[in-house]
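Asks: Could you have a look at this structure, given as structure tokens, before my questions?
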Amino acid sequence: MNEIPDPYGDSYELRAEVPSVETFRRLRTDAGLSDRAPEAVALALPNTWHGVVLHHEGEPIGMGRIVGDGGTAFQLVDICVHPAHQGRGLGRRIMAALTEELERRAPATAYVSLIADGPARHLYEKFGFADTATHDSIGMYRSMPAR
């Protein structure tokens, strides 16, 4: 557990844990991220390599996860903070906890990636992440068709 003092007088607690399906979906949508189907989330969460949930007065208000194969490839995902708590350095604390765990446990040859949406790229750059296009790589994605 990591108590995070808040300049506004409240306290935040960052815990190494994986959120429940309901908490995961609520945190994503509260933060303006897309929702995910509950059955997909139920399949995904047990495959979390490392996760953190940020609590305020006992209520989850932020999270971040690392997924991957545990050796060669890792991706930081689902990093979000409820809008009412943004602007207090809490995203930075989530990122610090995730990158510290990677530095502690991931092999030195591992490839670590993330998808940066909008201005979040500035936060990620502070933790050593760089635009892949400047390294002759581009990020790509594919959505699965609806069934």
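Laboratory data are not the source of any read-out in this text; all were calculated from the coordinates shown. Quick caveat, the model's predicted, so the values are computed rather than measured. Glycine gets a Cβ as well: all are built from the backbone with ideal geometry, and neighbour counts include every protein chain shown.
Asks: For Ala108 and Glu57 in the same chain, what is the full-extension length gain: residue separation times 0.36 nm, less their Cα-Cα distance, in nm?
Replies: 14.6 nm
Asks: If you don't mind, there's one more thing I want to ask. Please work out how much length the chain gains when fully extended from Thr134 to Gln75, using 0.36 nm per residue of separation minus the C-alpha to C-alpha distance, in nm with one decimal.
Replies: So the extension gain works out to 19.3 nm.
Asks: What spacing in nm lies between the two simple spin-label points modelled at Glu22 and Arg36, each 7 Å away from Cα in the Cβ direction?
Replies: For the pair Glu22/Arg36, the computed spacing is 1.9 nm.
Asks: Springs between alpha-carbon pairs under 10 angstrom, Gaussian network model over the chain: which of Thr72, Thr134, Thr109 fluctuates most?
Replies: Thr134
Asks: Once R0 is set to 25 Å, what does the formula 1/(1 + (r/R0)^6) return for the Cβ-Cβ distance between Thr29 and Arg92, expressed as a FRET efficiency to the nearest 0.05?
Replies: Calculated value: 0.65.
Asks: Taking the dipole about the Cα centre of the chain, with the C-beta of Lys and Arg at +1 and of Asp and Glu at -1, give me whichever of Val21, Pro38, Leu102 is farthest to the positive side.
Replies: Pro38
Asks: With a/c under 1.5 counting as rounded, go ahead and sort the range 77-133 into rounded, prolate or oblate using the C-alpha gyration tensor (a ≥ b ≥ c being the square roots of the eigenvalues; past the cut-off, prolate if a/b is larger than b/c, else oblate). Please report the intermediate quantities before stating the final value.
Replies: Details: a/c = 2.42, a/b = 1.45, b/c = 1.67.
Note, shape of the range 77-133 comes out oblate.
Asks: What are the semi-axes of the equivalent ellipsoid for the range 1-125, taken as the square roots of 5 times the Cα gyration tensor eigenvalues, largest first, in whole Å?
Replies: Output for the range 1-125: semi-axes of 22, 18, 14 Å.
Asks: Between Ala116 and Met144, how many nm apart are label points set 7 Å from Cα along the C-beta direction?
Replies: Each label point lies 7 Å from its Cα, and together they span 2.9 nm.
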